[in-house]
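Q: Dumping the structure here so I can ask a few things about it.
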Amino acid sequence: MRLLSKSRRFFTLERVLWCFATLLLSGVFLLIGLTAPSIKGFERKENSVTVLQNSVTDNVGEDVPESLSDESPSGKVPLNSATKEQLMSINGIGESFAQRIIDYREENGGFTELEQLKNIEGIGVKRYEKWSSYFTLD
């Protein structure tokens, strides 16, 4: 009986609600952390590439990494000459999409307009709109 009265004092409604609220809040933060790349404010911006490029080129006496030295001055990736690593540096482009872009470029003699990206399997209107601002034709 004495054990039962101690457990009743320990499991008060306030403590149970506090634990539930803490678990619920931690679940919300976990969900936000897992979905952050799809939230609008977390997308990679063009300026971040430009700032990184400027900070690397300002270091006198150091070599500019190959991935940055081949990019155009605007900070965009040159679609007709980009390496697989450069293509993969764009948010959302993995190894398979990068290889598909390179294969399409080699099979068709390069890109003459950015809209040709839509001809690649898996790249529809939404992906094209998301990625087209990161590319230049050289």
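Q: Does the range 96-104 contain at least one residue that is modelled with pLDDT of 65 or more, within 15 Å of Y134 (Cβ to Cβ) and in a loop (DSSP other than H, G, I, E, B)?
A: No, that holds for no residue.
Q: Report the residue count in the range 116-130 for those that are in contact (Cβ under 8 Å) with a residue 12 or more places away in the chain and either of a type in the set (A, V, I, L, M, F, W, C) or in a loop (DSSP other than H, G, I, E, B) (or both).
A: 5
Q: Of the residues that sit in the range 97-117 and are more than 17 Å from T136 (Cβ to Cβ) and either surrounded by 11 or more Cβ atoms within 10 Å (Cβ to Cβ) or among the hydrophobic types (A, V, I, L, M, F, W, C) (or both), which one is nearest to the chain's Cα centre (by Cα)?
A: Within the range 97-117, the match that is nearest to the chain's Cα centre (by Cα) is F97.
The values are calculated or read from the model by the stated rules, or taken from the named source; none is laboratory data. Worth saying up front: this structure is predicted, and the values here are computed from it rather than measured. Please note: Cβ atoms are built from the backbone with ideal geometry, for glycine as well, and neighbour counts cover all protein chains shown.
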